[in-house]
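Chemist: Have a look at the structure that comes next, please.
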Amino acid sequence: MSLHVERRRDGGLALYIDGDLQLDTADEAVYHESLVLPALSLLRVRRGESATGIRVLICGGGDGLALREVLRFPGVTHVDLVDYDPDVVALGCTDLAPFNLGAFSDARVTIHIADAWQFTESCDLYDVIVCDLTVPRRPEETRVFTREWYTRLSSVLSPDGLLAINGFSPRKTPEAFWCLHRTVRAAGLSALPYRVCIPSFRAHGYGAWAFLLAGRQSIRQTDLRNLRCPVTTAQADLGRLWRGARFSRGERRLATTAPVNTLGYSILLPMLLNPGARSLDASAATIYDVDALLGAVPILHPYHTREMVEALAEQVAGAVRAIDVRKLVQALLRRAADLPRELFAELLRLRDYLRDHSPDFSHMQSWGYRLFAALVIVMTVANAIAPDNAFGKGGSGIGHASFSRGFSASPSGVRGGFGGGRGGGESFGSSHVSGSTPHVSGSAFRSGYGHGYASDIYGYQYRPRVFIFSSSRHYYGGRGGGHSSSSGTREEHKTLFVADDDLLVLDNGDVVITLSDTAYMLANEGRLDLYSVNSLDPLLPLYPEPALFQTVSQEIHQQQTAVRNETAARRDWLSWVGWTSALFPAVKDDWTEVRNLEDLDRRLTSAVVSAGQPSKGTATVAPPGSTELFVGGFLLPGGTVGIHAANGWQFTDGKSLWTGSAEQRQGVAPCPPELAQVIRSVMLKLQKELAADIRSLANDASQLQTDRASLQRDLAEYQRLESSYGSGYEVDYGTSTMSASSAVSRTQTDIADNQREIEANTIERAKTAADLEKINLYLPGLTK
Amino acid sequence: MTAELDLRELGPDRDAEADALVFATPETGFMQSSAWSDFKRREGFVNVRFGFFEAATLRGLASLFYYPSGSGDGVVVCPEGPVLHWDDTGTARACLRQLLDVVRSDPRFGRTLGLRIEPHLPPPAPSLLRNWTRSPVDLTPIHTLMIDVDQPDELLVAAMHPKARYNLRLAQRHGVEVSRTTDPADLRAFYGLFEETAQRNGFFAEPYGFFLNLLAALVPTRHAEMLLARWQGEVIAGILVTWFGRRATYLYGGSTARCRHVMPNHLLHWTAIHAARERGCAEYDLYGYEPFGLPDHLYAGISRFKSQLGGHRVDWMGARDHLFYDRLADRIVEQMAEPAAAG
């Protein structure tokens, strides 16, 4: 556990434990007064104003600030404070002493550096128990948030006594909060939740904070409303606290459906780490649907986000091909009695398949999809446990799916794509669209939105690209439109929202798919137009590929869902705290955020409407031997570029533009220079990508050859040992041992695998080199 | 000849000796040091350090990390390790076997699915690791740029790209000043820049608490510093550098886009190079580099910057896993079982 005290010039302090803000002296009184005083005040109501001899137990709270509140309440005669961290208590005695008003030196107080669980095993009864414990980050820290813990506390609570419990944010982590509420009630206690707004917590993104007031006797909202606290408060408004006890029907529903956290079923931490996840049981997802299963893999560490877990899953899926499938299948079949029938049957088939074939991973989908799915899940979870794996610095970082390619069909039925399938961006399924709804996060919608920055759904901010085009959108060059020169006013629009790397929504709701720094496509009213940044009018109306429009629409809808979820949550929060916006800048920012999110929602709706849907059509069939440059644009054998335009195919060599076919030109006209420039820019971009691919493949080839040489040396040695000492002679194979004959067999298999990899590498290099050669050959012609 | 080495757990009393071995072994790095162990323990990892002894002499080392979790079983990791004489295949094999035995049987490692090692060996992996699989995650970069700092400034500058030389002079002309600090109070400024940069480049950013723990562990042992570039009174760029033995490593950095025009980053690294030399380091690891020019690569932009600083490319083989297939099978079977009823 790490402690950090941030000291300000004004003498204020902020305390962080493990990087989480625990308190800021600027507003800690809101927290501590709201936590402690309601419980003591309600006890006073129950016992009368002259109540005395009040015994209080504080679990945690080593900073002494909750203790401060307890000590100034009339009638308190005895306080035990139990905190297991001596460093926090030391802070309470030193840096925080001016703030806790020297609470530790009060004669009524006894400090215990101990585990609260063990302390409560044998202690006297208390009238108020304050649980001022940090939000758990590790499994062992959740013990003091279990039913068993609250049952134990109930047993050391006087019959009319009260528990004051530090909770979580009902907005940021609703499932965890209501799980806590239900857990307290499962211990046989009445529990009343109530929220407060702590500005420093809000500033750190923790959301509104909530506490629980609990006891063996019934506690109602009216108890909070009728609180008469005998001491003044510095910051908390106890008179309005009851308003924080109102929750919407939707939130109340969670209160009844949330699970109970117990020692045997420790569900609280996964819920804290996975807000919004309705089911944390991966097997409850559509079974064997890898995308859905990966969407259900829970976040297992506070450092991680859903985006990180998904990225990790992709890496794992790519790496499972290296696993010894035969060994795994054998190990699983030894557990046959525990296997589901379908998996057992699949494993038998797979075993038989592997007897005669090497494990070609591309066949796993046919022969072992269940196994593959389970393996990816298990390995993803295993790698997602450690916090640092998501930040691994090693060779990853391949780009995202492209929206500009991969929607055509080749004559053979195989998906089109440049350079070995660069476009298309397939996940385990065949869709660009990821399985899970993203969550709005980050601060983009509180500040930069609409003020010169573009943002994405994760809260990242981007310098916006500027797109300038004519309001009339007549087609330039007279091909496929009508007008040969630009008319209409010049419109300038900036990127407002980045839906994906190359899918942008502009501030006017237009949907843009970028092709390069100087070329893009605009989807509008079911049309798809090709643009250059250097011309106001579209260069060419493209064939509106139905699959592209569908995918764009799905992607935007998915992100719109996230925006609407967040907006609803924000409005709910503001429905009870909105009146404080004059007092708290953070709440004012919340209103700004809601307005920005609602504005984005409208623009996304407008974007989908604006993009439209084309009238029915079929996927463009890529011409044989061609290479896709962008949706509907292909580099043909011979160097001509064929473009599937809205009114039929058009062809260009950069100088002329014609219809008919690549070889038989009809209606030849000069190719507009901007169109040639657009094609050139896309080809230049692809040229760089291909050249880099070739370097990478060459590097792989070199390593494969070195490995091959090593394998052949090993094989020769194993064969020599087998010949000299017999097939049963024990030899080393890596760090294991096996018979010489097995080692020979394994190494021969390794050599065969290596050969397959070399062949695959050779094929890919050849294809990539051929594509690059094509571009190198024909690109100069486009510049003349 | 295979030497018989004894595997024994190392206590803190052997830290100095173990660290000396780490610093003297090129095939490893700072993640096998005792200071790093301290950092990872603060992060919640179980750390057990083993030594390989020939009689009383420490010949090898494996600092193992495991993150305990109630939700499942992870992998034991030996980052940048184990520290072995890899050219002595027989002895290295024997050591790895001992390590596997202890990882499998030590209850501190739970039901780990296997062991992951990541020695700094050039690719491809040696045949000694024939039955190990390529890991899905590498903690350390497999391609990097290394600058030999143990040479005169004129040669260092000459090795830089002309643009870098120009930007270095530009920053100095603009009056950018670089200071070295270990004050935790400066972390807030550094972290703001790091976070802004991570957002801008699409990196996943470690949280603030991670850096608090990092500095708390490495600063007292004089293994880490922040270098901050200031311009007109504002901190506009920063890097966090570690020093372990002969190698300095550029671990983290960030800069604000607003002051890009004064080019603080080249000056920062120039200062780091001098600081590395002053510390007795022989090389400065720029820690991550994309060598093929892949435009989609996450490191594409930062690699263009790093390649301007000079330095030679170094490739490592990457992490390798030894999986316990019986436990993997157990986990798969559990995965396929019916979910348990909730409390």
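Chemist: How large, in percent, is the carbon and sulfur part of the accessible surface of the stretch A:688-784 at a probe radius of 1.4 Å?
Modeler: C and S atoms contribute 51 percent here.
Chemist: Residues of the stretch B:313-337 with accessible area at least 40 Å² lower in the all-protein-chain context than alone (1.4 Å probe)?
Modeler: B:TYR325, B:LEU328, B:ALA329, B:ILE332, B:VAL333, B:GLN335, B:MET336
Chemist: Moving to a separate point now. Using amide H atoms built 1.01 Å from N in the peptide plane, name the residues 5+ places from B:ALA3, or on other chains, whose amide H lies under 5 Å from its own.
Modeler: B:THR91
Chemist: Oh, and also: For the stretch A:131-229, just say rounded, prolate or oblate: build the C-alpha gyration tensor, square-root its eigenvalues into a ≥ b ≥ c, call rounded for a/c under 1.5, and beyond that prolate if a/b exceeds b/c, oblate if not.
Modeler: Because a/c hits 1.5 or more and a/b fails to exceed b/c, the stretch A:131-229 counts as oblate.
Chemist: Moving on to the next point. Using a 1.4 angstrom probe and counting only protein chains, how large is the accessible area of A:GLU310 in Å², to 10?
Modeler: About 50 Å², ignoring ligands and nucleic acids.
Chemist: What length, rounded to one decimal in nm, is gained on full extension from A:GLN554 through to A:THR110, with 0.36 nm per residue of separation minus their alpha-carbon distance?
Modeler: Numbers: separation 444, 0.36 × 444 = 159.84 nm, distance 6.15 nm.
Roughly 153.7 nm would be gained on extension.
Chemist: Give me the summed buried accessible area for the A-B pair, 1.4 Å probe, to the nearest 100 Å². Please report the intermediate quantities before stating the final value.
Modeler: Details: alone 34920 and 16280 Å², together 44050 Å².
The buried area between A and B, both sides summed, comes to about 7200 Å².
Chemist: In straight Cα distance, which aspartates and glutamates are under 16 Å from A:LYS588, not counting same-chain residues fewer than 8 positions off?
Modeler: List returned: A:ASP572, A:GLU598.
Chemist: Order A:246-256, B:128-138 from most to least packed using the mean count of other Cβ atoms within 10 Å.
Modeler: Top of the packing list down: B:128-138, A:246-256.
Chemist: Step through the residues of the stretch B:196-210 one at a time and calculate ³J(HN,Hα) from phi using the Karplus curve (6.51 cos²θ - 1.76 cosθ + 1.60, θ = phi - 60°), rounding each to whole Hz and writing x for Gly and Pro.
Modeler: Each residue's phi maps through the Karplus curve to give 4, 5, 4, 4, 5, 9, x, 7, 7, 9, 4, x, 4, x, 4 Hz.
Chemist: Among DSSP beta bridges lying fully in the protein assembly as shown, give the percent that are antiparallel, nearest 5.
Modeler: 80
Chemist: Please report the spacing between the Cα centers of the stretch A:742-776 and the stretch A:250-264 in Å, no decimals.
Modeler: Between the Cα centres of the stretch A:742-776 and the stretch A:250-264 lies a distance of 54 Å.
Chemist: Mind giving me the nanometre distance, one decimal, between the label points for A:GLN666 and B:PHE53, set 7 Å out from Cα along Cα→Cβ?
Modeler: Roughly 9.0 nm, to one decimal.
Chemist: Using 1/(1 + (r/R0)^6) with R0 = 25 angstrom and r between the beta carbons of A:VAL466 and B:ASP296, what's the FRET efficiency to the nearest 0.05? All intermediate terms of the calculation are to be shown ahead of the outcome.
Modeler: Values: r = 23 Å, r/R0 = 0.94.
The computed FRET efficiency comes out at 0.60.
Chemist: Using the Karplus curve 6.51 cos²θ - 1.76 cosθ + 1.60 with θ = phi - 60°, work out ³J(HN,Hα) for each residue of the stretch B:312-326 in order, rounded to whole Hz, and write x for Gly and Pro.
Modeler: My calculation for the stretch B:312-326 gives 10, 6, 10, 10, 10, 6, x, 6, 10, 10, 10, 8, 8, 5, 5 Hz in order.
Chemist: Another question about this same structure. Report the accessible area of A:SER724, computed with a 1.4 Å probe over the heavy atoms of all protein chains in place, in Å² rounded to the nearest 10.
Modeler: It works out to around 70 Å².
Chemist: Moving to a separate point now. Going toward the positive end of the dipole of the protein assembly as shown, with +1 on Lys and Arg Cβ and -1 on Asp and Glu Cβ, which of A:SER610, A:TYR31, B:MET336 do you reach last?
Modeler: Toward the positive end, the furthest listed residue is A:SER610.
Chemist: Of A:SER553, A:SER50, which has the most accessible area with a 1.4 Å probe, and how do the rest follow in descending order?
Modeler: A:SER50, A:SER553
Chemist: I would also like to ask the following. Order A:TYR462, B:TYR325, A:TYR729, most accessible first, counting only protein heavy atoms with a 1.4 angstrom probe.
Modeler: Greatest to least solvent exposure: A:TYR729, A:TYR462, B:TYR325.
Chemist: Note down the magnitude of the dipole of the stretch B:185-343 about its Cα centre, charges +1 on Lys and Arg C-beta and -1 on Asp and Glu C-beta and zero elsewhere, to the nearest 20 debye.
Modeler: Using only the charged Cβ atoms, the result is roughly 740 debye.
Chemist: So, one more: Run the Debye formula on the Cα coordinates of the protein assembly as shown, all scatterers equal and no solvent, and tell me log10 I(q)/I(0) at q = 0.05, 0.08, 0.10 1/Å.
Modeler: Here log10 of I(q) over I(0) equals -0.38, -1.00, -1.47.
Chemist: Same structure, new question: Students sometimes get this wrong: rank B:THR25, A:THR232 by accessible area, probe 1.4 Å, all chains present, largest first. Walk me through the intermediate numbers first.
Modeler: On the way: B:THR25 20, A:THR232 115 Å².
Sorted by accessible area, descending: A:THR232, B:THR25.
Chemist: Indicate the gyration tensor shape class of the stretch B:1-143 (rounded, prolate or oblate), computed on the Cα atoms with a ≥ b ≥ c the square roots of the eigenvalues: a/c under 1.5 is rounded; otherwise a/b larger than b/c is prolate and the rest oblate.
Modeler: The shape class here is rounded.
Chemist: Can you work out the accessible area per residue across the protein assembly as shown, with the rest of the protein chains kept in place, probe 1.4 Å, in square angstrom?
Modeler: Using a 1.4 Å probe on heavy atoms only, each residue of the protein assembly as shown averages 39 Å².
Chemist: Return the whole-Å distance between the Cα centroid of the stretch B:78-92 and the Cα centroid of the stretch A:493-530.
Modeler: 53
Chemist: Sticking with this structure for a sec: Among A:ILE17, A:GLY62, A:SER41, whose Cα sits farthest toward the positive end of the charge dipole of the stretch A:1-92 (+1 at Cβ of Lys/Arg, -1 at Cβ of Asp/Glu, about the Cα centre)?
Modeler: It is A:SER41, whose Cα lies furthest towards the positive end.
Chemist: In the stretch A:594-676, which trypsin sites (Lys or Arg not before Pro) are in a loop and have at most 14 other Cβ atoms within 10 Å, using DSSP for the loop call?
Modeler: Passing both the DSSP loop test and the Cβ count: A:LYS616, A:LYS655.
Chemist: Next question. Count, for each residue of B:199-206, the Cβ atoms from other chains sitting within 10 Å of its Cβ, then give me the mean as a whole number.
Modeler: Mean number of neighbouring Cβ atoms from other chains: 5.
Chemist: What is the distance, in nm, between label points placed 7 Å from the Cα along the Cα-to-Cβ direction at A:GLU491 and at A:ARG220?
Modeler: Result: 6.0 nm between the two label points.
Chemist: Same structure, new question: Find how many whole Å separate the alpha carbon centroid of the stretch A:70-129 from the alpha carbon centroid of the stretch B:1-65.
Modeler: Going from one Cα centre to the other spans 41 Å.
Chemist: So, one more: If you take the charge dipole of the protein assembly as shown about its Cα centre, with +1 on Lys and Arg Cβ and -1 on Asp and Glu Cβ, which of A:LEU241, B:LEU99, A:SER266 is farthest toward its positive end?
Modeler: Comparing the listed Cα positions along the dipole, A:LEU241 ranks first.
Chemist: Given a 1.4 Å probe and every protein chain left where it sits, what share in percent of the accessible area of chain B is carbon and sulfur? Could the numbers behind the result be given before it?
Modeler: On the way: 6520 of 12690 Å².
Of all accessible area on chain B, carbon and sulfur atoms account for 51 percent.
Chemist: A further question on this structure: Provide the solvent-accessible area of A:CYS59, counting protein heavy atoms only and rolling a 1.4 Å probe, rounded to the nearest 10 Å².
Modeler: Surface open to solvent at A:CYS59 totals about 0 Å².
Chemist: Further question on the same structure: If I model a spin label at B:ASP148 and A:ALA97 as a point 7 Å from the Cα along the Cα→Cβ vector, what separation in nanometres do I get?
Modeler: With each label point 7 Å from Cα toward Cβ, the separation is 5.8 nm.
Chemist: Starting from 0.36 nm per residue, how many nanometres of slack lie between A:THR52 and A:GLU757 once their C-alpha separation is accounted for?
Modeler: Stretched out fully, the A:THR52 to A:GLU757 stretch lengthens by 245.6 nm.
Chemist: Of the cross-linked pairs A:LYS688/A:LYS774; A:LYS393/A:LYS774; A:LYS327/B:LYS40; A:LYS494/B:LYS163; A:LYS494/A:LYS774; A:LYS767/B:LYS306, which ones have a Cα-Cα span greater than 24 Å in the structure shown?
Modeler: Beyond 24 Å between Cα atoms: A:LYS393/A:LYS774; A:LYS327/B:LYS40; A:LYS494/B:LYS163; A:LYS494/A:LYS774; A:LYS767/B:LYS306.
The values are calculated or read from the model by the stated rules, or taken from the named source; none is laboratory data. Just so you know, these numbers come straight off a predicted model, no measurement behind them. Glycine gets a Cβ as well: all are built from the backbone with ideal geometry, and neighbour counts include every protein chain shown. Note: areas computed on protein heavy atoms with side chains; ligands, DNA, RNA excluded. Shrake-Rupley method; radii C 1.70, N 1.55, O 1.52, S 1.80 Å.
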